[in-house]
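What follows is calculated from the coordinates using simple rules that are stated; it is not laboratory data. For clarity, every value in this text was computed on a predicted model and none was experimentally measured. Cβ coordinates were reconstructed from backbone atoms using ideal geometry, including for glycine residues, and neighbour counts include every protein chain displayed.
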Amino acid sequence: MLRSTHVLRGKVCSQKSYERGVFLFNTWQQFADGRKRTRNGLLSEKLSTAETPLQDHLHEVCKRAVEEEEMQRVVEASVVIGPHCSAPGFDPEYRCPLTVVDQHFVDYTIEVGESKSFPGLLTAYHLYTVDIICNGLPGIDFNTLEYEDPDPQGQRKLKYIHAWNWLDWSMIRRYLFEGSTLKETRRKGSFTSEAELETWLQQLGVDTEQWCKDGFKSVRDLLREVEHEEAQLELWGRHDGVSLLMRVVHVLQLKVVDPSKPNKILFQTWHQTKDGRARSINRLIAKKLSCSQVPFDEDRFAKAAKTVIQNQLSHITDVHFHLTPANLPTRKDVPESEIWVTAASLGGMHYDIQESPTFKGMQTMYHMYTMDIECEGLPTGDNFTSLDFDRPGGPFAYGWRWMSLPQTLDVLHARAQAFERQDSQRRRALATQRQKLEQTAGGLDRLVELAQRLAQSSDPSSQDAGGSLPSLLAEAAASLRELGSASRSEETATVAETAAESLPPAMLSKMASDTVAPESVFEEAMARQSSMFSARSMRAVSSYQSVDTSISEGRSSLVSGSNSAPMEGGVVSDAN
């Protein structure tokens, strides 16, 4: 048996706060008997079967949820039930000051889990998130009173006091995920087909229709990752249905050095597929790890690193080489180079969370494991290209460059500046567009006035011409102003926070702790690095002391020498 329930989740706001991305957040509730509980949620309201599908009853449902349910009576934030403050009574003469003026559907997801109200009963929660724009909202934090339905005598008892705080959406998201637990993990064998995976993703609000466009990968590619154990899908959520789908990937990145190039590391600058499309990379050499043989130890990391070197760097070509779809090279066309890995050690691990650059709209947790690799046999020039014939879907071309740490930082800084210039140009274009929209809307307003005068004219032909024109022009002006408002929001938008910044620290800690190797492996690597650093520091100090002693002795001999015989080449003068 499966219980099914439909729930509205309302992001309540005013028109001005909506433009700023600020919404109302229900921080706590208090019962009529004085008990208080933390809620940390949005306005929520169950839907009746008559109110589904929601899109056909959206305004009526939002109006009921705000004006008749959780926000039916607005009071000051100081109103609470205490030892000397009884529950507020119901005033039948009171009228809700709030009015729902607009609503925007945001997303729809389905969650399946055991019901909190009916233990043991599996429930499908159909969750609808809607932006609800209201007039009459206080500009400061406030409380609201919610009353029970009338009893047979017509009396209405207090059900809850709700506390509402104005918060930025990024902060609300962090609260919404606080207390999340891992509900479900999808690994190899979880999906029988591509269609089953696509249906599951769409139920969680992932827009797979945008995949396979503009260079993004497909659902088939994601299924292949899962089946090859290169990725797993985790569904995190809370008891109230707030959920987050996370793709989890373990990545091995290599800090490759060559003894003949001190203070230089190998940096991948670009990547090209066989269809000729190329994109900038600007990172260390990297490869997703397969989790089919966990846990990893340092020897297994080293073996995986050598395989990556063999696959990505063994077929070297000149720096100007690019793939041409009409004439793709084969393994026989590019002789295999002899490259030796002379040393490999685990350098550490960290994590990063961001939207995947290959699967549109999907947040990804990257567990990054860094190996320090020393190689011989690589090209000595600053730039070169390699071909990868082993990766499925190839061949692929990779651009490489030997760079110092300051050079890598300069490259990343230059790219950041380029993006800032593009963003500045976009903002200027939006400002110009907004001004033109506002001018056009003003012209339409004047046409509305003219049409209204025509409609009121005594001339029948003028009345016919102006009858429906005012409403049509007013709708067009409203649409233009809405576009102008959206442009203004884009003009003033700040840098978006990362996914990691929007999640609670406890949740991040749980995600980050699920590595492919025991913690002891990283502790040993860190201890070894610390020992090596201390040894280098001691040698440096010893060398400095030796040099300092030599300088002191040299100065003494110079001084004594200057008293007996002149020095050649002006050394005394230079030393002084």
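For segment 399-438, the convex hull drawn through the C-alpha positions has a volume of 47 cubic angstrom per residue.
Computed log10 I(q)/I(0) for segment 255-373 at 0.09, 0.19 Å⁻¹: -0.32, -1.32, from the Debye equation with unit scatterers placed on every C-alpha and solvent omitted. Name the residues whose placed amide hydrogens come within less than 5 Å of the amide hydrogen of F296, ignoring near sequence neighbours (fewer than 5 apart) on the same chain. So F296 has HN proximity to A517. Counting Cα-Cα pairs of segment 16-125 in 5 Å increments starting at 0 gives whole-percent bin shares of 2, 8, 13, 19, 19, 17, 12, 8, 2, 0.
Considering segment 67-219 at the alpha-carbon level, its Rg and Dmax are found to be 21.6, 66 Å. Taken over segment 219-299, the alpha-carbon convex hull comes to 199 cubic angstrom per residue.
Rounded to whole Å, the principal axis extents of the Cα atoms in segment 111-172 read 44, 43, 17, largest first. Whole-Hz Karplus values for segment 275-284 come out as 7, x, 6, 10, 9, 6, 10, 6, 7, 6 Hz, taken residue by residue from phi with 6.51 cos²θ - 1.76 cosθ + 1.60 and θ = phi - 60°; glycine and proline positions read x. Other residues with beta-carbon under 10 Å from the beta-carbon of N26 carry, at +1 per Lys or Arg and -1 per Asp or Glu, a net charge of 0.
Measuring between alpha carbons in the structure, the pairs from K16/K36; K264/K306; K188/K332; K46/K360 lying more than 27 angstrom apart are K16/K36; K188/K332; K46/K360. Percent of alpha carbon pairs in segment 134-215 separated by more than 17 Å? It works out to 74 percent of all Cα pairs. Each Lys or Arg adds one and each Asp or Glu subtracts one; over the other residues with Cβ under 14 Å from the Cβ of L145, this totals -3. Contact order for segment 181-403, expressed relative to its length and based on alpha carbon pairs under 8 Å spaced 6+ residues apart, stands at 25 percent.
Evaluated at q = 0.11, 0.13 Å⁻¹, the base-10 log of the normalised Debye intensity for segment 181-403, with identical point scatterers placed on the Cα atoms, takes the values -0.62, -0.85.
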